[in-house]
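Let me begin by presenting the structure, written as structure tokens, before commenting on it.
The values are calculated or read from the model by the stated rules, or taken from the named source; none is laboratory data. Quick caveat, the model's predicted, so the values are computed rather than measured. FYI the Cβ positions are ideal-geometry reconstructions off the backbone, even for glycines, and counts take in every protein chain you see. Surface accessibility is based on the protein's heavy atoms, side chains included, excluding ligands, DNA and RNA. Shrake-Rupley method; radii C 1.70, N 1.55, O 1.52, S 1.80 Å.
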Amino acid sequence: MLFGLIAEKAGTDRLTISAPDTGALRQALEERIEGLSSLSYALAVDRKITHENIELSGSEEIALLPPFAGG
Amino acid sequence: MSETKAPKKRDIFTDGPIDPTFIAESIAKHATRHDIGAHEIFLGQVRADMADGSGGRSSARTTAIAYTAYRDMANEQMIPIREEAFARWPITCLHVHHSQGIIKAGELCFFVFASSAHRQVAREAVAYVTDEVKKRLPIFGKEVLEDGEHVWKINT
């Protein structure tokens, strides 16, 4: 799932990408979405922000989150 | 501790602006709670800024903010913020509402409301919850400008 500025850059709010872990996923996403690598964003796995590289089974809910702007 | 109940599923999101009547009704609902001596409220209103969303200046005025959220994650992230507030301050209750969708300049988009026996407690809890919501909830804001352009708002 893509949100905000990232969804705008990608031109969609859903993408399907296969990757064995979050490190490979980040790399694939940065190749797929132009300008993503220069943006500040967080990767959430099952609604939790994940910094370290974790293995993916394919059933997780993955979201790319640009900087927050609530309030 | 083994008997702690699972936190209630709450949805903080409202479609469109927060109606001032809703705020008045929320206050009125507490009239039966005679242990409350103080209500503290924070209200966020959309500004017609000449800003670019992240501290700089834009060439056109903001007419509205289009809010989107990762709703399930935001509601989940709200649970520990509530728990932290109740653990730190003896508040009687805490209510948080945030808008989704297009909110025009001058309309309300954010409502934080805490009640307690005495004012200092409610005041500190509201300040804490307001700041943590801005920091920790995945809510995104697109500032719509009068010239038809837009900029993405970033909390600092």
Tell me which trypsin sites (Lys or Arg not before Pro) from chain A have a DSSP coil assignment and no more than 13 other beta carbons within 10 Å of their own.
A:14
May I ask for the Kirkwood hydrodynamic radius of the protein assembly as shown, worked out over all distinct Cα pairs and given in angstroms to one decimal?
19.2
Coordinate range along principal axes, alpha carbons of chain B, Å, largest first
54, 33, 25
Placing +1 on each Lys and Arg Cβ and -1 on each Asp and Glu Cβ in region B:12-156, then taking the dipole about the Cα centre, the residue among B:151, B:20, B:117 whose Cα reaches farthest towards the positive end is B:117
What whole-number value in Å² describes the accessible area per residue of chain B for a 1.4 Å probe?
55
Chains A and B: accessible area buried, summed over both chains, 1.4 Å probe, nearest 100 Å², reads 1700
Low-density loop positions, trypsin sites (Lys or Arg not before Pro), region B:48-156 - DSSP coil, at most 16 other Cβ in 10 Å
B:61
Could you compute how much accessible surface residue B:121 exposes when probed at 1.4 Å, giving the result in Å² to the nearest 10?
30
Per the rule of 0.36 nm per residue minus the C-alpha distance, extending residue B:24 to residue B:66 adds in nm 12.6 nm
Can you give me the convex hull volume of the Cα atoms of chain A, divided per residue and expressed in Å³?
89
Under 19 Å from a point placed 7 Å out from the Cα of residue B:156 along the Cα-to-Cβ direction: which residues of region A:33-65 have their backbone N that close?
A:40-41
Relative contact order of chain B (C-alpha contacts under 8 Å, at least 6 apart) in percent is 35
Report, in degrees rounded to the nearest 10, the 0 to 90 angle that the Cα long axis of helix A:22-32 makes with the longest principal axis of chain A.
50
Would you mind telling me the share, in percent, of accessible area of the protein assembly as shown contributed by carbon and sulfur at probe 1.4 angstrom?
50
Compute the FRET efficiency between residue A:27 and residue B:50 as 1/(1 + (r/R0)^6), taking r as their Cβ-Cβ distance and R0 = 45 Å, and round to the nearest 0.05.
0.70
Expressed as an acute angle from 0 to 90° and rounded to the nearest 10, what is the orientation of the C-alpha long axis of helix B:71-88 relative to the principal long axis of chain B?
50
